[in-house]
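I have placed the structure first, in the form of structure tokens, so that the comments after it can refer back to it.
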Amino acid sequence: MQRFLTDAAEYLPILMQGVGLTILVTIGSLILSTVLGLVWALMRVSGIKVLDWTAKIFVNFIRGVPIIVQLFYIYFVLPDMGIALSAMQSAIIGLGIAYSAYQSENFRAGIQAIDHGQIEAAQSIGMGWWMIMRRVILPQAIRIVLPPYGNIMIMMLKDSSQASTITVAELAMQGKLIASATFKNTSVFTMVAILYLCMSLPLMYLVSRLEKHYATGRR
Amino acid sequence: MIVLDNVHKSFGSNHVLRGFSTRIEKGEIVCIIGPSGSGKSTVLRCINGLEAYDDGSIRIGETRVDRDSKSIVDVRKRVSMVFQRFNLFPHRTALENITEGPIYVKGEPRDRAEERGRKLLARVGLAEKETAHPPQLSGGQQQRVAIARALAMEPEAILFDEPTSALDPEMVGEVLAVMKSLAEEGMTMVIVTHEIAFAREVADRAIFMDQGVIVEEGPAREMLSAPKQPRTQDFLRRVTHPI
């Protein structure tokens, strides 16, 4: 224990740099995946066949390829086509696109869970498709979508460690570098695990708070 | 004001409307009755474009109802709908349900829309429920809010699709009373209903439909008291004397 504490004090600053990058990758890809996921979901429920199929094919394509391969593709293959992205950009875009598939399935399920009578009522007072989505469907779908969304957030936080495979020096990578240089595997990886927990526990708390907030039936 | 001419509608192989024609004048109150599956609700849903029709024509004044055209928004502003299952927006208060259309569809200033909304709530007897959410209201109260929501669009006509069928029996009266007061004020109404006594008292004209066509129509009091067609007689007997 004594040794762990001295190790912790020594390596924490370096690991915290990793934490910073982990948070950056997670937030960046969370935003991207949410926006893209919403786009796919809206395409799926648009009732326009071309959009529906495009989104469907895209989502299944993304779901069928491992995230790590998608990251390699963006970071190592795209430069051959003249699109050079930094490791950080590649990580955010790669994880964002990969997770947009899961986000979209979640959003779509939420949207389709809303009673069709809601759409008809909105139509009957003259609302168009976009306004129905914005004013009637999405505000109600949030309640349904939120618990799985929280889980996706936590999964994304953990999967941000895959960015290490394309040289982003986030938490897992920093841990591995320190461990292989010092052989202090136990101390270092314990700290890494604790730091991930410290990030995901508040997320879990936030999700349960939000669930309670929306469960009251009020906005 | 509303003219349906030889309207046909199929759901797959199910031919629901087989040449339905009628015209509804301004201020007229028409009740449509008939067995379930006869196409009554489909008629209403075609009139405001919730359902597309396959053949024939429906006109609101000069405008042809076409749900794929931009003009459908105009049609829906002019012809409101009240649903069997109320379909209030559960995430909004009673007042917000009423002002949603005026503010966001018609672009009415919020304070004016809310002032009108409060008056409409008072009119359906729910002034004190302004901030209640639909799940906190009884079925009858929800349907009265739904009627206020339809009125808030200042429509030329209101379509009622079995407005009391989803209600507990003791709540039917309060909804019918509101509808009756609308009728007395000269609102144009098309009502699909099983409330024969109400239809007889309030409606100008009754239409009995079966299998997608009009079997019999005429002045409501006459027709619903002494129908001429055997099928109408049979239906009315079964509805008014179920045992």
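Quick notes on this structure:
- Surrounding net charge for A:MET43, when Lys and Arg each add one and Asp and Glu each subtract one, Cβ distance under 9 Å: +1
- Filtered GluC sites (Glu not before Pro), segment B:1-68: DSSP coil and at most 16 other beta carbons within 10 Å: B:GLU25, B:GLU62
- Area buried, chain A against chain B - accessible surface, total, 1.4 angstrom probe, square angstrom: 2000
- In plain terms, chain B is cut at each of the trypsin sites (Lys or Arg not before Pro) found in a DSSP loop with at most 13 other Cβ atoms within 10 Å, and the longest leftover piece is B:71-227.
- Averaged over A:134-140, number of beta-carbon atoms from partner chains that fall within 10 Å: 3
- Those residues of segment A:55-92 whose amide nitrogen sits under 19 Å from the label point placed on A:THR167, 7 Å along Cα→Cβ: A:68-92
- Heavy-atom surface of segment B:121-243, accessible at 1.4 Å and reported per residue (Å²): 44
- Rounded, prolate or oblate (a/c below 1.5 giving rounded, otherwise prolate when a/b exceeds b/c) for the protein assembly as shown by Cα gyration tensor: prolate
- Average partner coverage of A:125-133, which counts Cβ from other chains inside 10 Å: 5
- Relative contact order of segment A:118-194, pairs being alpha-carbon contacts under 8 Å that are 6 or more residues apart, as %: 16
- Segment B:151-243 - percent relative contact order, Cα under 8 Å, separation 6 or more: 22
- Relative to the dominant Cα principal axis of chain A, helix A:138-159 is inclined by about 20°.
- Highest-first packing order for the peptide set A:105-112, A:176-183 is A:105-112, A:176-183, based on the mean count of other beta carbon atoms within 10 Å.
- Counting DSSP beta bridges with both ends in the protein assembly as shown, the antiparallel % (nearest 5): 55
- Restricting segment B:152-210 to GluC sites (Glu not before Pro) in coil, as DSSP defines it, with at most 12 other Cβ within 10 Å: B:GLU185
- Cα gyration tensor category, rounded, prolate or oblate, for chain A with a/c compared to 1.5: oblate
- Residue-count net charge about B:VAL202 - beta-carbon cut-off 14 Å; Lys, Arg +1, Asp, Glu -1: -2
- Peptide B:97-105 is shielded by partner chain Cβ atoms: per residue, an average of 4 of them sit within 10 Å of its Cβ.
- To the nearest ten degrees, helix A:185-215 and the longest principal axis of the Cα atoms of chain A are 20 degrees apart.
- With contacts taken as Cα pairs under 8 Å at a separation of at least 6 residues, chain A carries a relative contact order of 30 percent.
- Among beta bridges from DSSP that stay inside chain B, the antiparallel ones total about 55%.
The values are calculated or read from the model by the stated rules, or taken from the named source; none is laboratory data. Predicted model, so just to flag it, every value in this text is computed and none were measured. A quick note on method: Cβ atoms are made from the backbone with ideal geometry, for glycine too, and the neighbour counts reach across all protein chains shown. The protein model used for the area step is the full one, side chains on, heavy atoms only, and it has no ligands, DNA or RNA in it. Shrake-Rupley method; radii C 1.70, N 1.55, O 1.52, S 1.80 Å.
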